[in-house]
Amino acid sequence: MRAIQTLQTFQAFQSPPTLPTPVSRLTIVCLADALGALRKQMFIDLTALGLRATRVSITRWSDRDEASATVTLDCPAASRASLTSLVMRLSGERSVRRVYWSDDAARHASAGARSTHG
């Protein structure tokens, strides 16, 4: 009987299991000169959406006038629609060449891919 009471007491103090927040990766390939301004605006937008970047990686290619920013962020399911809207808006920017978005549920999702000539 005492063992059952101890177990019930222990269970009462346990916190409910927490689910990990889904992780998303957002990569923007753009004109190298535009990367700074795009990155700044993207972080303003992410902050306004309540999303937090956990890692940022910048790549610049010396053989072409393009650069990319890959942002890893925590994106709860409730924020996916807002992130989708941000991806679509970014893909419409004149200096943006491609936007890739993937999450831990669908690694190969791509949004807003477009090609720009000249």
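Of the residues 47, 70, the one with the fewest other Cβ atoms within 10 Å heads the list, and the complete ranking is 47, 70. Look at 64, 39 and count the other Cβ atoms within 10 Å of each Cβ; fewest to most, that gives 64, 39.
Projecting label points 7 angstrom from Cα along Cα→Cβ for residue 52 and residue 89 puts them 2.2 nm apart. Between the amide H of residue 66 and those of 32, 61, distances stay under 5 Å, these residues lying 5 or more places away or on another chain, with hydrogens modeled in the peptide plane.
Remark: the stretch 82-91, residue by residue, has Karplus-estimated 3J(HN,Hα) of 5, 5, 4, 4, 5, 4, 5, 5, 4, 5 Hz, where x stands for each Gly or Pro and the curve is 6.51 cos²θ - 1.76 cosθ + 1.60 at θ = phi - 60°. Among 89, 94, sorting on how many other beta-carbon atoms sit within 10 Å of each Cβ, with the fewest leading, yields 94, 89.
Since every read-out is calculated from the coordinates, none of them should be taken as a lab result. Just so you know, these numbers come straight off a predicted model, no measurement behind them. Every residue, glycine as well, gets a Cβ built from its backbone with ideal geometry; the counts of neighbours run over all protein chains shown.
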